[in-house]
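Chemist: Can you keep this structure in mind? I'll have questions shortly.
The values are calculated or read from the model by the stated rules, or taken from the named source; none is laboratory data. Predicted, not measured: the structure shown is a model, and the values here were computed from it. Cβ coordinates were reconstructed from backbone atoms using ideal geometry, including for glycine residues, and neighbour counts include every protein chain displayed. Surface areas here come from the heavy atoms of the whole protein model, side chains and all, with no ligands, DNA or RNA. Shrake-Rupley method; radii C 1.70, N 1.55, O 1.52, S 1.80 Å.
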Amino acid sequence: MAKILVLQHHPAENLGAIADALEGAALAWQYVRVFDGHPIPTDAKGLGGLIVLGGPQTVYQLDRYPYLRDEMALIESALKADKPILGVCLGSQLLAATLGAEVRRGEQREIGWFPVRLSDAAKDDRLLRGLPAEFVAAHWHSDVFDLPQDTVALASSDRMPVQAYRYGAKAYGLLFHAEMTREIITALVGEFGEGLKRVGIDGDAIVVEAERHLPALEKIGDTIFSRWAAPIQGT
């Protein structure tokens, strides 16, 4: 069976809970550690699916991060080949940009634990149906994007109007982090905590709050990612 290719942009931001879902579906995956300079495939031929993770890069600074152009080309190839795609945080922004949407700096950051509200369309969505209409998710982003053309809006939050969307039947963008684990959140705060303090965000409080929010989020993430992986298992 073809592997799932995973584009990783930062050492701390790994698959997290997504790995459990892939293992549960007996799917193999391969990281492309972009932060270490690993080459990005030129097309999606032979892939079982594509996962694009989060990271500190910005889509609107392609001159600073030229390899993001290669990632967008790979995403476009995967879209044309009708491969399953899952974009998380930065990944959702790259997918949106590939689909023609503008990605830009938001008016305010959304870092910590904040509610996500599902849209009416999510009630019939393959990944999100049956989930609570509102739940608290982890967030770590400053950028926003417009809803790409020909996509379905699936979720929003008070600060970000587009938190999740679907293109066609197989491509999903999630701005929020349902894959978050204690290890990931602790690593992120450990590395970026001083920067958070400078903008008035208490990283230590985010770690403490994780104990309260992660149990419910783990169940939601397991549902979302298991459903994303299930059709791939049968191909």
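Chemist: Counting only trypsin sites (Lys or Arg not before Pro) that are in a DSSP loop and have at most 11 other C-beta atoms within 10 Å, tell me the longest site-free stretch of the chain. Please list the in-between numbers first.
Modeler: Working: sites that count: K45, R64.
Here the longest run is 65-235.
Chemist: Does segment 1-90 come out rounded, prolate or oblate, given a ≥ b ≥ c as the square roots of the eigenvalues of its C-alpha gyration tensor, rounded meaning a/c under 1.5 and, failing that, prolate meaning a/b above b/c? Write out the running numbers ahead of the final one.
Modeler: Details: a/c = 1.96, a/b = 1.29, b/c = 1.52.
Because a/c hits 1.5 or more and a/b fails to exceed b/c, segment 1-90 counts as oblate.
Chemist: Run lengths n ≥ 4 of DSSP H only: what is the helix-derived mean residue ellipticity at 222 nm for the chain, with -39500 (n - 2.57) per run over all residues, to the nearest 500? List each step's numbers first, then the result.
Modeler: Values: 5 runs with 79 residues, N = 235.
Theoretical 222 nm ellipticity from helices: -11000 deg cm²/dmol.
Chemist: Carbon and sulfur together cover what percent of the accessible area of the chain at a 1.4 Å probe radius? If you can, show how the numbers build up before the last one.
Modeler: On the way: 5090 of 10540 Å².
With neighbouring chains kept in place, the figure for the chain is 48 percent.
Chemist: For segment 133-235, how big is the tail of P(r) above 17 Å, as a whole percent of Cα pairs?
Modeler: Details: 3179 of 5253 pairs.
Across segment 133-235, Cα pairs with separations above 17 Å total 61 percent.
Chemist: Still on this model: Determine the percent antiparallel among the DSSP beta bridges restricted to the chain, to the nearest 5. Please list the in-between numbers first.
Modeler: Values: 22 of 38 bridges.
Antiparallel bridges make up about 60 percent of those DSSP assigns within the chain.
Chemist: Eigenvalues of the Cα gyration tensor times 5, then square-rooted: what semi-axes does that give for segment 23-71, in whole angstrom, largest first? Before the final figure, lay out each step's value.
Modeler: Working: eigenvalues 111, 32, 19 Å².
Whole-Å semi-axes of the equivalent ellipsoid: 24, 13, 10.
Chemist: May I ask you to list the aspartates and glutamates whose Cα is less than 18 Å away from that of K45, ignoring any residue fewer than eight positions away on the same chain?
Modeler: Within the straight-line limit of under 18 Å, K45 reaches these aspartates and glutamates: D70, E71, E76, D82.
Chemist: Going by accessible area, probe 1.4 Å, with all protein chains left in place, what is the ranking of S157, S226, largest first? Numbers along the way, then the final one.
Modeler: Details: S157 10, S226 45 Å².
The residues order as S226, S157, largest area first.
Chemist: Which net charge results when you count Lys and Arg as +1 and Asp and Glu as -1 among the other residues whose beta-carbon is under 11 Å from that of R104?
Modeler: Working: positive: R105; negative: E102, E107, D143, D146.
So the surrounding residues net to -3.
Chemist: Shifting gears a bit: Once Lys and Arg get +1 and Asp and Glu get -1 on their Cβ, which of A187, F145, G203 lies farthest toward the positive end of the dipole of the chain?
Modeler: Sorting the options by dipole projection puts first F145.
Chemist: Positive end of the dipole of the chain, charges at C-beta (+1 Lys, Arg; -1 Asp, Glu), about the Cα centre: which of L217, A178, I40 has its Cα farthest in that direction?
Modeler: Among L217, A178, I40, the one farthest towards the positive end of the dipole of the chain is I40.
Chemist: Can you bin every Cα-Cα distance in segment 54-114 into 10 Å intervals starting at zero and give me the percent of pairs per bin, rounded to whole numbers?
Modeler: 20, 54, 21, 4
Chemist: Mean projection of the alpha-carbon convex hull of the chain over all orientations, in nm²? Each step should come with its number before you reach the end.
Modeler: Details: hull surface 46.7 nm².
Its Cα hull, projected and averaged over all orientations, spans 11.7 nm².
Chemist: For a label point 7 angstrom out from the Cα of D120 toward its Cβ, which stretches of segment 139-165 have the backbone nitrogen within less than 16 Å?
Modeler: Only 152-156 fall inside the zone, counting backbone N under 16 Å.
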